[in-house]
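Throughout, read-outs are computed from the coordinates displayed, never taken from laboratory work. Just so we're clear, the structure is a prediction, and the values are computed from it rather than from any experiment. Backbone-built Cβ (ideal geometry, glycine too); neighbour counts: all protein chains shown.
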Amino acid sequence: MGPKVQLQFERYGFYPAGGGRFCAEIQPVTALKPLHIGERGEITSRRAIGVVANLPRHIAQREVETVGKMLNWGSECFSVEESRNSAGPGNIVMIEIGSGEVTEIFSAFGQVGLSAEKVASVAARDARGYLVSRAAAGEHLTDQLLLPLALAGMGSFTAEKINMHALTNMTVISEFLPVRFEIREEDGFTCVKVAG
């Protein structure tokens, strides 16, 4: 869409302690270019990443193994990261699925009283729904794409599904910017078009 963005991760910040930090360097442009993403192409990469901060490694290991079982992935797709660079304890499991034009990430955060297997199953269930569709954007990426496309004045993409959050976002954006959103159901995905 034009801007060059460079991110530098500094530390994790899990609830309730917080304190996470990253720095972003953004080289702006005069105008955003429209983005058009059709059907998702062939899957080119897949990875399950378990991160634990100030917690035992086995939690993240159990999470990635659960993802592997649910998605039928081998151990070559697993990655575990341990960190002490966090104000408090916490963990996250992320599932990264790459294709020609997009990399989609599904995640779930650990919670007190929730097993590593249950945490992983939340992310894996979302990833499975995405893999069954032919959409470029998963349910939660959909509402995040709306504002940049509206600021560009046009664009389009395929979405796994349109949830209430995305519909609300469309309504709010339309109140502030002179754009309209068109939604068309196709077999295996939804087409979202932004027009000025």
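For the stretch 43-132, what does the alpha-carbon gyration tensor say about shape, rounded, prolate or oblate, given a ≥ b ≥ c as the root eigenvalues, a/c under 1.5 as rounded, and a/b over b/c as prolate?
Prolate shape, in that a/c is at least 1.5 and a/b is the bigger ratio.
Which residue, chosen from L7, I43, M170, occupies the Cα position most advanced towards the positive end of the dipole of the chain, where the dipole is computed from +1 (Lys, Arg) and -1 (Asp, Glu) charges on Cβ about the Cα centre?
Of the options given, the answer is L7.
I need the peptides 111-122, 144-155 ranked by packing, meaning the mean over residues of other C-beta atoms within 10 angstrom, with the highest value on top.
Descending mean neighbour count gives 144-155, 111-122.
With θ set to phi - 60°, apply the Karplus curve 6.51 cos²θ - 1.76 cosθ + 1.60 along the stretch 49-63 and write out the HN-Hα couplings as whole Hz, x wherever there is a Gly or Pro.
Along the stretch 49-63, the couplings run 10, x, 10, 10, 10, 6, 9, x, 4, 4, 4, 5, 4, 5, 5 Hz.
Taking amide H atoms as placed 1.01 Å from N in the peptide plane, list the residues 5 or more away in sequence, or in a different chain, whose amide H sits under 5 Å from that of L35.
S156
Do any GluC sites (Glu not before Pro) in the stretch 1-97 lie in a loop, going by DSSP, with at most 13 other beta-carbon atoms within 10 Å of their beta carbon, and if so which?
Sites meeting the loop and neighbour criteria: E42.
Looking at the chain, how many pairs of lysines come closer than 19 Å at the Cα, when each pair is eight or more places apart or spans two chains?
The number of close lysine pairs in the chain is 4.
Here are several values of Rg and Dmax of the Cα atoms in Å: (i) 18.3, 51; (ii) 17.6, 66; (iii) 15.7, 48. Which one was derived from the coordinates shown?
Looking at Rg and Dmax of the Cα atoms in Å for this model, the match is (i).
Would you mind working out the magnitude of the charge dipole of the chain relative to its Cα centre, with +1 at each Lys and Arg C-beta and -1 at each Asp and Glu C-beta, to the nearest 20 Debye?
Working: 19 positive and 22 negative charges, 60 e Å.
Magnitude of the dipole: close to 280 debye.
Under the Karplus relation 6.51 cos²θ - 1.76 cosθ + 1.60, θ = phi - 60°, what is the ordered set of whole-Hz ³J(HN,Hα) values for the stretch 15-20, x standing for Gly and Pro?
Ordered by residue, 3J(HN,Hα) equals 5, x, 5, x, x, x Hz.
Mind running the shape call on the stretch 1-72? Use the C-alpha gyration tensor, a ≥ b ≥ c as the square roots of the eigenvalues: rounded below 1.5 for a/c, prolate if a/b tops b/c, oblate otherwise.
The shape class here is oblate.
Using alpha-carbon pairs under 8 Å, 6+ residues apart, how would you state the relative contact order of the chain in percent?
20 percent
What ³J(HN,Hα) values, in whole Hz, does the Karplus curve 6.51 cos²θ - 1.76 cosθ + 1.60 give for the stretch 134-148 when θ = phi - 60°, with x put for Gly and Pro?
So the J values, rounded to whole Hz, are 10, 7, 7, 10, x, 4, 8, 6, 3, 5, 6, 7, 4, 5, x.
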